[in-house]
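Working notes for the structure below.
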Amino acid sequence: MAADQWYDQNGVWTGSATILHDGKIVMLYTGSTTEGVQVQNLAYPADQYDPLLVHWVKYPRNPVLVPPPGIGPNDFRDPTTAWLTSEGKWRITIGSKINKTGIALVYDTKDFINYEMLDGLLHAVPGTGMWECVDFFPVSETENNGLETSINGPGVKHVVKASLDDDRHDYYAIGTYNDRNGTWIPDRPNIDVGIGLRYDYGIYYAAKTFYDQNKKRRVLWGWIGESDSEAADVKKGWASVQSIPRTILFDKKTGTHLLQWPVEEIDSLRLKGREFNQVRIQAGSVVPLDIDSATQLDIIAEFKIDSDALEKATGSSHASFDCATSGGAAERGALGPFGLLVLADERLSEQTPVYFYMTKGSDGNLKTFFCNDQSRSSKASDVDKHIYGSLVPVLRGENLSIRILVDHSIIESFGQGGRTVITSRVYPTKAIYGAAKVFLFNNATELN
């Protein structure tokens, strides 16, 4: 849709589609008016039978919603897909803020033209700032498939997700939705939206989900921005890409996390495969893997820790370990780091480690962190070289597992079946095409 009307002259921004009872599709999207005010507009396909939905018609009396009293003109955007209430109305939520409190406003409608604003909020979290691209959807506590957006009832939890404009990260929480008053309460307030779990601990933002009714799955799309200079983007002639789509499920084992996993269609892109079994990685070693060209890979790896070594390992002095503030994969500890070096050249002058780092408290309890180190990812000086990552739950009896999708400048890493995910944007100058290699490494001092 082109930005060609007074109500969207300054931008056609995020929107969401809803499939109605009769199969017709409507789209609500945010437009920035000629005065820079954020309003919500209605559009529908010129031909709803076009499988690509290329052409859209804008409702002639747009906008259908303007910022309500008390909401700033620049703080009202990104309507969600609508869901049905028990009264048969359609309900949407829109991101906003009041002072520094991030909020999700709630509206009911019967025709997507006229709206009733509910008295309360879907949810609010002080100190989180403007909520963009709010998403709201159900997940099943018992089934291994996604749920249509309007589903509610026993065995169903609801996810609220917000993209925080202040720090440009996507946060989510799992909780309980009250259909009668349109409110949602997190199961665990200490990991509420904006102060707890993230979809992705790397460069990943403005994600939205949809329900795939044909395969009964909920699919997540996210935006991967650039982390090099603007001048480099201009020279390339393009900037930013969509992530690999991911399915989303409730993690029944933890009860707190979502599981994200590349959609099954990605498997069809595999041209050939290599297996490396029972590779032992001694402390302090780097092991090359014999792969021809390692610029596009789908890596699945599982690590089994020597139980005797783990038992004998001393308590860690890194009880407050954090991926971002650590020394990265080069910082050796008793129980880490260990993992894979991707997009690495032969001499390891460029490398991006994807790895685990374990800490052992004086009480003997273990914590496991999943990290991605960009500090040596490129010889270029105008690129981001942060270290990303977070704690990843590892339950009793579980081995450590990683899946890594490598695609030239993008690395999407999934730890423990997708409990923790990290997307990195790297720009190697040497580890490209046939010169790109893969290595296993173990920088732990007390683990094999």
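The values are calculated or read from the model by the stated rules, or taken from the named source; none is laboratory data. None of the values given here were measured: they were computed from a predicted structure. Glycine also receives a Cβ, built like all others from the backbone with ideal geometry; neighbour counts cover every protein chain displayed. Accessible surface is based on the protein model in full, side chains and every heavy atom, while ligands, DNA and RNA are left aside. Shrake-Rupley method; radii C 1.70, N 1.55, O 1.52, S 1.80 Å.
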Please report, to one decimal in angstroms, the Kirkwood hydrodynamic radius of segment 80-264 built from all distinct Cα-Cα pairs. 17.2 Å
In terms of the charge dipole of the chain, which places +1 on Lys and Arg and -1 on Asp and Glu at the beta carbon, the residue among Phe210, Ser96, Asn10 farthest towards the positive end is Phe210
For segment 81-91, in order, what is each residue's ³J(HN,Hα) by Karplus, 6.51 cos²θ - 1.76 cosθ + 1.60 with θ = phi - 60°, in whole Hz (x at glycine and Pro)? 4, 7, 10, 7, 8, 5, 8, x, 8, 8, 10
May I ask for the net charge around Ala232, where only other residues with Cβ less than 10 Å from the Cβ of Ala232 are counted and Lys, Arg are +1 while Asp, Glu are -1? -3
When the accessible area of the chain is split by element with a 1.4 Å probe, what percent falls to carbon and sulfur? 51 percent
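Across the chain, how large is the tail of the calculated P(r) beyond 40 Å, expressed as a percent of all Cα pairs?
Of the Cα pairs, 24 percent sit more than 40 Å apart.
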Check Thr445: other-chain or 5+ apart residues with amide H under 5 Å from its amide H, H built from backbone geometry? Gly333, Ala334, Leu335, Gly336
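How high is the relative contact order of the chain? Use alpha-carbon pairs under 8 Å, at least six apart in sequence, and give a whole percent.
Relative contact order, the chain: 11 percent.
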What accessible area per residue, rounded to a whole number of Å², is obtained for segment 278-442 using a probe radius of 1.4 Å? 43 Å²
Nearby lysines by direct alpha-carbon distance to Lys58 (threshold 16 angstrom, same-chain neighbours under 8 apart not counted): Lys24
Computed, not fitted: 222 nm per-residue ellipticity of the chain from DSSP H runs ≥ 4 (each -39500 (n - 2.57)), nearest 500, equal to -500 deg cm²/dmol
Once the in-chain neighbours fewer than 8 apart are removed, the lysines whose Cα is under 25 Å from Lys437 read Lys236, Lys272, Lys304, Lys379, Lys385
Between segment 47-112 and segment 390-404, the Cα center-to-center distance that results, in Å: 38 Å
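Determine the sum of side-chain charges near Lys89: Lys and Arg each +1, Asp and Glu each -1, restricted to other residues whose C-beta is under 11 angstrom from that of Lys89.
Its environment carries a net charge of -3.
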Highest average packing first - 130-136, 321-327, Cβ atoms within 10 Å: 130-136, 321-327
Relative packing of 243-254, 21-32, 415-426, which averages over residues the other C-beta atoms within 10 Å, highest first: 415-426, 243-254, 21-32
Environment charge of Asp384, counting only residues whose C-beta is closer than 10 Å and scoring Lys/Arg +1, Asp/Glu -1: -1
